[in-house]
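Visitor: Handing you a structure now.
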Amino acid sequence: MKTSKLNPPHIKREVARRLATGESQSSVAKDMGVCHTTISRFSRKEDVRRLIEEETVNLLEVIPDAVENMKTLVREMKDIPKTEHKRRELSYKATQKVLESAGITSAPTTSQTVVSIVNKQNNFIPPVILELAKKHFGDLVDIPTTETDD
């Protein structure tokens, strides 16, 4: 039986991390030297799905810090001297991401979590996202919960 290039634990974790951040299966496949269908099958394995979920939760836990960093970069943009090219570039990119996230400018991909909230799908939505959605959207959207009413 042939052993997959993707089976070593460090490779599994890397593939899971990249998929959790939204990188395309094709991009991951190209870098790993396998076909995109191999990544597709691999990502459906139970242990890999758990790894992807763990990586997703790790990312979601830092969302409040990332949002605060973005707000700081956007707010300071007008005060950054023109000679500080790197800081201006970071502030510009932060501004662009904020506008994309708010739906004011187009983004290359749509947040599956936001789509789930808007479509009122009862998929698992991590608690940190529920908290942020309730804080920022309040009664504007009916946010599904994973709890069952008995």
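The values are calculated or read from the model by the stated rules, or taken from the named source; none is laboratory data. In this text the structure is predicted, and so the values were computed from the model without any measurement. Virtual Cβ from ideal backbone geometry, glycine too; neighbours counted across all protein chains shown.
Visitor: Can you say whether residue 56 is of a type in the set (Val, Ile, Thr) and within 27 Å of residue 131 (Cβ to Cβ), as far as the supplied structure shows?
Guide: So residue 56 passes the test.
Visitor: In segment 41-72, which residue that is in contact with a Leu (Cβ under 7 Å, 6 or more places away or on another chain) and either modelled with pLDDT of 80 or more or not in a helix (DSSP H, G or I) (or both) is surrounded by the most Cβ atoms within 10 Å (Cβ to Cβ)?
Guide: Selected residue: 42.
Visitor: Taking segment 9-31, which residues are at pLDDT 90 or above and either part of a loop (DSSP other than H, G, I, E, B) or of a type in the set (Gly, Ala, Ser) (or both)?
Guide: 16, 26, 27, 29 - these are the residues of segment 9-31 that are at pLDDT 90 or above and either part of a loop (DSSP other than H, G, I, E, B) or of a type in the set (Gly, Ala, Ser) (or both).
Visitor: Which pairs do you get when a residue that is closer than 13 Å to residue 7 by Cα, found in segment 23-46, comes within reach of a residue that is among the polar types (S, T, N, Q) and part of a helix (DSSP H, G or I), reach meaning Cβ atoms under 8 angstrom, with the pair 6+ apart or on two chains?
Guide: Final answer for the pair search is 39/25; 39/26; 43/25.
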